[in-house]
Structure formats: structure tokens, C-alpha cells
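J.: Shown below is the structure under consideration.
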Amino acid sequence: MIFFQPRFVLEEMNGKKIERSIIMCGIVGYIGKNKAVPVLIEGLKKLEYRGYDSAGVAVFNGGKIEVIKSKGRLSNLEEKLISIELSGAVGIGHTRWATHGEPNDINSHPHISHSGNIAIVHNGIIENYIQLKEFLQTKGYEFKSETDTEVIAHLVEYNYKGNLVKAVINTLNDLEGSYALGVICTDCPEQFVAARKDSPLIVGLGENENYIASDIPAILEHTREILILEDKEVVLLQKDSVYIYDMLGQRVDREVFHVDWDATAAEKSGYEHFMMKEMCEEPKVIKDTISPRIKDGMLVLDSVKLTAEDVAGIEKIYIVACGTAYHAGVVAKYAIERLARIPVEVDVASEFRYRDPIVSEKNLTIIISQSGETLDTLMALREAKKKGSKILSIVNVVGSSIARESQNLLYTWAGPEIAVASTKAYNTQLAALYLVAFDLAYKKGTISETDLKRLINELNSIPDSVKQVLDAKEEVQRFAAEHYNAKSVFFLGRGLDYALSMEGSLKLKEISYIHSEAYAGGELKHGTIALIEQGTLIICPLTQDFLFDKMVSNIREVKARGAVVMAITPKKHVTEVQKVADVVVPIPDIDPLLAPAVAVTPMQLFAYYVSVQKGNDVDKPRNLAKSVTVE
């Protein structure tokens with residue numbers, strides 16, 4: 001399965017480290033036998049989850065390029081197109097997330113060249129656009145927008161000498177930064193050109209029609225045959241052929257990738273929001289991640305090539321990830337240290353590579369990334385690899401950059417995740433990390449075969465446990481309806497419950513815009529309790545048996561100061577917890593080590609229902625996009 005995610009770039013320019021956030025808007029391109037506009041609009045709708053503030057299309061029409069674009073939602077663009085007849089069968093479309101210049105019609109994509117003969121769409125950021133703009137102005141080129149992208153359109157025209165591929169290659173040689181490009185030219189009405197560097201772009205192969213897109217859902221209804229472009233590659237598309245070139249203009253062969261997941265995976269399928277659909281998919285995707293790796297009650301991790309000798313030589317493990325994946329890594333730290341007795345350090349990827357980490361061949365670095373394309377995580381992988389560390393990566397995207405550069409690999413079979421707030425990806429990452437923890441411990445000899453089989457049996461029970469939680473979600477919904485106007489929410493936990501609380505807090509603040517923090521229960525008396533007052537809302541997981549009494553005491557402390565508490569606990573503890581909490585959400589009894597994979601679902605549900613009650617755009621929260629990574 002291929003599904004792209006955002007990236008953050010760190011690279012060296014003129015001896016200085018340059019970092020830039022890559023804003024992954026949406027690109028769709030079409031050439032074929034049908035009208036381009038319906039295909040482009042349909043594709044752009046499939047990419048709305050990536051976030052955008054304007055949209056536009058450029059289509060060959062009656063021998064010239066027509067550009068129609070509009071600020072705001074795609075519906076604004078569609079309204080403009082109603083009164084315009086665009087019958088051309090070649091076109092490019094774009095949804096923009098503003099980086100250079102405010103969101104408006106002029107700054108929207110596509111952009112056209114000085115003569116109107118070239119139109120382009122662009123994802124990414126051009127670092128040296130000011131120098132290029134000044135150069136082009138000396139050549140008489142006039143600029144209408146504030147964007148870095150318009151520079152590319154003029155530069156392609158400047159370099160065009162009758163061969164569009166060569167013009168694009170020559171242009172790319174002058175660009176510093178990131179790009180995914182779609183380029184059409186009035187001199188070439190039966191072809192268009194695309195290219196990529198540090199910004200995802202795929203090619204879809206049809207019958208007498210071909211496509212480009214930022215992500216597979218945009219074109220999945222039309223084709224399942226995909227070419228994955230590599231960095232610094234240019235592709236020439238005609239309706240009956242596709243040719244890939246390197247930056248020297250040499251042809252490149254590329255294996256066709258067949259997409260085997262269903263198109264409905266990227267549709268709401270009757271759910272009000274993608275987030276709810278994706279939570280309801282958790283039992284299935286957890287099972288899909290676990291089942292292929294278990295045979296006759298034992299682990300079979302074919303793509304993890306670490307031997308018992310390798311594991312015995314590991315003195316320390318680094319786990320490197322961002323956001324939700326980072327929180328999964330914190331859970332894994334507890335599991336690995338408890339089972340395999342190997343010290344584990346968890347790092348935010350964007351910090352890891354700055355601090356010159358002390359990494360050697362005696363270390364294992366575990367990389368976690370849903371997309372496998374998050375570049376700050378990829379750069380951390382390369383940093384660790386350069387210093388001799390073994391690499392084990394957990395990703396959701398087959399053939400992604402992190403997957404290709406990893407010696408050991410586990411795919412999570414989560415399928416597409418459209419909602420900005422990650423849910424099922426987290427659960428599958430936990431499932432994969434538990435498999436890794438079991439494998440390391442068994443190979444090191446810190447758990448017996450009997451222990452391993454018991455843990456595997458517990459892991460196999462998680463999908464059904466999550467389903468039970470989802471089937472009884474009304475209690476969470478009721479609590480959310482009563483408290484959605486909370487100004488501040490605290491998540492309290494100890495041990496693995498503290499790691500779990502970090503993710504619960506993130507989910508709530510992402511989509512509800514309520515201030516939320518996660519605290520270790522034992523830290524209450526060291527300052528945090530000063531924040532507790534009458535009506536303060538607290539979410540408290542209690543899943544760790546050996547810490548249960550201490551967490552009950554923490555609940556008593558906050559209740560004595562007027563807090564309202566929703567507790568999440570295994571059924572065996574419900575009666576006891578009901579004595580101290582206002583609301584108790586039960587989860588099935590499970591080994592405490594694995595409880596986070598089940599107890600996170602009520603937290604996800606709580607965030608979802610609070611957001612719905614507040615009338616927020618659940619799948620596309622403000623200031624966020626699935627395709628943006630910032631530090």
C-alpha cells in the first residue's frame with residue numbers, strides 16, 4: 001500500500017544547514033480520451049484531506065491554455081467552472097496551502113508564464129526564488145503573484161527551445177528547494193511533463209490515458225497501476241505512453257506497482273467523518289498487522305533479519321519518530337525495556353539529528369513513520385546509519401524512502417488514513433512495536449517460549465477488545481456532550497498510562513482546540529496540582545495493576561479539589577474506580593503491558609465527540625494538514 005505523508009527538509013547549502021517545512025498541497029494531472037476537468041476536480045476532492053486554501057485547473061482548450069482558479073474550497077472553483085466550457089483532454093489541477101503570498105485568486109495555482117504558453121502546478125518551496133526572480137526581471141519577465149512558483153513558470157519558458165522535457169530539466173538544475181511539478185505547454189498539446197524532488201508524486205497508468213497525483217486516492221478509481229517517481233526524476237506523459245528521465249535526460253526503467261487496497265478505503269463509506277470510519281477500522285487493521293507475523297503460535301518476522309547474536313550485541317536502542325508515532329515509541333520503550341532488558345531512548349526526530357547523538361554499531365535505531373516519507377525522520381535514519389547503527393523501521397507505505405533505506409522492516413497494514421488526527425495508524429504502530437519487543441526479548445533469552453506464546457495470545461485478543469470498546473462508545477459520547485465546553489483538560493497516568501496520556505492529550509488538542517496537557521500522576525504534588533480547581537476536567541487511564549492504588553490516590557487528590565474525572569480501566573477494576581471517578585469507561589481485561597493498544601480508543605473517541613459537539617471540522621482541523629510537518 002502506498003500513501004504519502006508530509007516531510008520536513010534539512011539539508012546543507014553553502015555550508016549552512018537549511019531547514020524548511022514542505023507544504024504538501026495536492027496535484028492532479030490528466031491526459032487521455034476524456035474531458036480533463038471532471039477527472040481533475042474528482043481527484044482534487046480526494047486530496048482535500050491534505051489541507052488547502054485555494055484551488056485551480058489549467059486545461060488545453062481550443063488551442064490555448066485556460067486557467068481557472070479560486071480562493072477557498074473546491075466548491076468555489078466548481079461554481080466558476082459551471083459557466084465555462086472546457087472540453088480539453090489534457091490538464092493539471094492543484095489545491096494550495098499558502099507559503100509565499102496570502103491565499104487569494106492571484107496567488108493560487110496554476111501559474112502561467114509571461115507569454116501564456118506555459119502553465120504549471122507546484123508543491124514545495126523554492127529557496128532561491130528571489131535570485132531567480134531578479135534574473136528573470138532583467139530579461140523582461142513580469143510577475144503577477146507573490147509566489148515562488150511563478151518563477152518556475154517563467155523559467156521553463158525561458159529555457160524552452162522546442163523540447164519541453166529538456167526545458168524542465170534545465171529549469172530544475174537552477175532550482176534550490178523542493179518540488180513536485182506538473183507542466184503543460186501550448187506547443188505540446190498532446191503531452192505534459194512532471195517532476196519531483198522531496199515532494200511526493202506518482203504516475204497512474206491507464207488505457208489510452210495517464211495521470212499524475214500527489215497521492216493514490218486521487219486516481220484510484222481510474223487505475224491501480226502506479227509508477228513511483230524518485231527524487232530528481234522527470235516524466236513525459238502522453239495518452240498512450242509514459243517515459244521517465246533522470247536529470248541527464250537518460251531514460252529510466254521503473255517497475256509498475258499494483259495497488260491492492262480497495263478504493264473504498266479512501267471513502268467515508270457512510271460515516272459522517274473519516275476519523276470515525278478510521279477508528280471503526282482499528283480492529284481489522286490491527287489484526288491485519290499481527291496475523292501475517294504469527295504462525296503456529298510463534299513469531300515469523302521475515303523482514304526483520306536481526307539474529308540472536310545481533311540482539312545480544314545491542315547495548316542501547318534509540319526510537320526516533322514524530323508526533324503520534326513518537327508517542328507510540330514511548331510505549332515501546334516501556335515494553336522493550338521490561339521484556340528485553342535493553343536500555344531505550346526515545347527521540348523526536350527533528351531533535352535527534354541536531355544533537356550529534358552518541359550512536360554506534362552497538363546500537364539499534366527504530367524508526368517509526370506512517371508515510372515512510374517524513375524527511376526529518378528519514379534524515380535521523382541516515383544520521384544513525386552513518387554512525388553504524390542497525391536500523392529497524394516501522395512504516396505503512398510499501399516502497400517508501402524509509403522502507404527502501406532500512407535493513408530491517410515491518411509494515412503496518414493500516415491502509416489510507418485520511419483524517420488529519422491519526423488513530424488507526426497509532427494502533428497498528430503499537431501492534432508492530434509489540435511484535436518487535438517480543439522478538440528482541442525472545443532472541444535475547446529474557447523471555448521463554450511459554451512467555452512468548454502467552455504474550456502472542458494476548459496480542460491476538462486486542463482486535464476483539466478494541467471492537468468491544470467501539471461497540472460501547474455511547475458512554476464516552478455522553479461524557480463528551482456534557483463537557484465539550486471545557487477550557488482546559490488534563491490527562492493523568494503512571495507508567496504506560498502516562499505514555500498513553502500523551503497521545504490522548506494530543507488527539508484532543510488537535511481537533512477540539514482545547515488546551516490539554518499530559519502529566520505523570522506522581523508529578524501532581526510537584527506543581528501540577530496548583531492548576532486543579534472546581535470543574536477541571538481530567539481523563540485518567542488506570543490499566544497498570546502495580547500502579548493502580550497510587551493512581552486511585554491521585555484521583556482522590558484531584559477530586560478533593562473539585563476536578564471532574566473520566567477514568568478508563570479494565571473491567572476487573574471498574575467497581576473500585578467507580579468509588580472515586582465521575583465516569584468509568586471499561587475496557588476488556590488484558591495484560592497491562594498491552595493495555596495502551598486498547599485504552600487509547602476511548603481517548604480517540606472522546607476527542608472526536610468533543611470536536612463534533614463544538615461544530616469543528618473534525619477531519620480537517622484549523623492550521624493543520626495531513627501533509628504538513630513543522631517543528
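J.: By how many nm would the segment from GLU405 to LYS64 grow when fully extended, if each residue of separation counts as 0.36 nm and the alpha-carbon distance is taken off?
T.: Between GLU405 and LYS64, full extension yields an extra 118.4 nm.
J.: Apply 1/(1 + (r/R0)^6) to the Cβ-Cβ distance of ASP545 and ASP310, taking R0 = 35 Å, and write down the FRET efficiency to the nearest 0.05.
T.: Taking R0 as 35 Å, the efficiency between ASP545 and ASP310 is 0.60.
J.: Another question, then. Sketch the reach of a paramagnetic label on LYS166 as a point 7 Å from Cα along Cα-to-Cβ, and name the residues of region 236-258 whose backbone nitrogen lies under 17 Å away.
T.: From region 236-258, the list is 236, 245-251.
J.: Using 0.36 nm times the number of residues separating GLU272 and LEU531, minus their current alpha carbon distance, what extension gain do you get?
T.: Stretched out fully, the GLU272 to LEU531 stretch lengthens by 89.6 nm.
J.: Could you let me know the centre-to-centre spacing of region 588-619 and region 200-242, using Cα atoms, in angstrom?
T.: Spelled out, the Cα-based centre of one part sits 37 Å from the other.
J.: Take peptides 372-383, 580-591, 61-72 and line them up by average Cβ neighbours within 10 Å, highest first, as a rough protection proxy.
T.: Put in order of decreasing packing, that is 372-383, 580-591, 61-72.
J.: Still on this structure, I have one more. So how do 295-308, 510-523 stack up, highest first, on mean other-Cβ count within 10 Å?
T.: Taking the mean over residues of other Cβ atoms within 10 Å, the ranking is 510-523, 295-308.
J.: Then there's this: Can you give me the solvent accessible area of PHE546 with a 1.4 Å probe, rounded to the nearest 10 Å²?
T.: Roughly 140 Å² of PHE546 is accessible to a 1.4 Å probe.
J.: Using the alpha-carbon atoms, what tilt in degrees (0 to 90, nearest 10) does helix 375-386 show relative to the longest principal axis of the chain?
T.: Between the helix axis and the principal axis of the chain, the angle is about 70 degrees.
J.: In addition: Solvent-accessible area of TYR160, probe 1.4 Å, all protein chains present, reported in Å² to the nearest ten, please.
T.: Probe radius 1.4 Å; accessible area of TYR160 about 50 Å².
J.: Once the piece of chain linking THR450 and GLU225 is laid out straight, how much longer is it, given 0.36 nm per residue of separation minus the C-alpha distance between them?
T.: 76.5 nm
J.: What does the C-alpha gyration tensor say about the overall shape of region 456-555? Classify as rounded when a/c is under 1.5, otherwise prolate if a/b is larger than b/c, or oblate.
T.: The shape class here is oblate.
J.: Sticking with this one: Taking the Cα centre of region 434-546 as origin, work out the dipole magnitude from +1 charges on Lys and Arg Cβ and -1 charges on Asp and Glu Cβ, in debye rounded to 20.
T.: For region 434-546, the charge dipole is close to 180 debye.
J.: What is the Cα coordinate range of region 392-460 on the first, second and third principal axes, sorted by size from largest, in whole angstrom?
T.: 39, 26, 14
J.: Another one. Return the equivalent ellipsoid semi-axes of the chain as a descending list in whole Å, where each equals the square root of 5 times an eigenvalue of the C-alpha gyration tensor. List each step's numbers first, then the result.
T.: Numbers: eigenvalues 414, 149, 98 Å².
The equivalent ellipsoid of the chain has semi-axes of 45, 27, 22 Å.
J.: In whole angstrom, note down how far apart the Cα centers of region 122-153 and region 486-549 are.
T.: For region 122-153 versus region 486-549, the Cα centre distance is 48 Å.
J.: Right, something else. Students often get this wrong: which residues of region 572-612 have the backbone nitrogen under 18 Å from the point 7 angstrom along Cα-to-C-beta of TYR513?
T.: Label zone hits: 607-612.
J.: Which of the GluC sites (Glu not before Pro) across region 116-162 are loop residues per DSSP, with 11 or fewer other Cβ within 10 Å?
T.: GLU142
J.: A further question follows. Which entries in the list LYS333/LYS362; LYS35/LYS133; LYS45/LYS614; LYS284/LYS305 go over 23 Å, if you measure between the two C-alpha atoms of each? Before the final figure, lay out each step's value.
T.: On the way: LYS333/LYS362 18 Å; LYS35/LYS133 35 Å; LYS45/LYS614 25 Å; LYS284/LYS305 27 Å.
Result: LYS35/LYS133; LYS45/LYS614; LYS284/LYS305 exceed 23 Å.
J.: How large is the charge dipole for the chain, taken about the Cα centre, if only the Cβ atoms of Lys, Arg (+1) and Asp, Glu (-1) carry charge, to the nearest 20 debye? Don't jump to the answer; show the numbers that get you there.
T.: Numbers: 71 positive and 85 negative charges, 166 e Å.
For the chain, the charge dipole is close to 800 debye.
J.: Nothing charged except the Cβ atoms of Lys and Arg (+1) and of Asp and Glu (-1): what's the magnitude of the dipole of region 305-439 about its Cα centre? Round to the nearest 20 debye.
T.: 100 debye
J.: Between SER291 and GLN250, what is the spin-label point distance in nm, taking each point 7 Å from the Cα along the Cα→C-beta axis?
T.: It is 4.5 nm.
The values are calculated or read from the model by the stated rules, or taken from the named source; none is laboratory data. None of these values were measured; they are calculated from a predicted model. In this analysis, Cβ positions are derived from the backbone assuming ideal geometry, glycine residues included, and neighbour counts consider all displayed protein chains. Remember, those area values only see protein heavy atoms, side chains included, never the ligands or the DNA or RNA. Shrake-Rupley method; radii C 1.70, N 1.55, O 1.52, S 1.80 Å.
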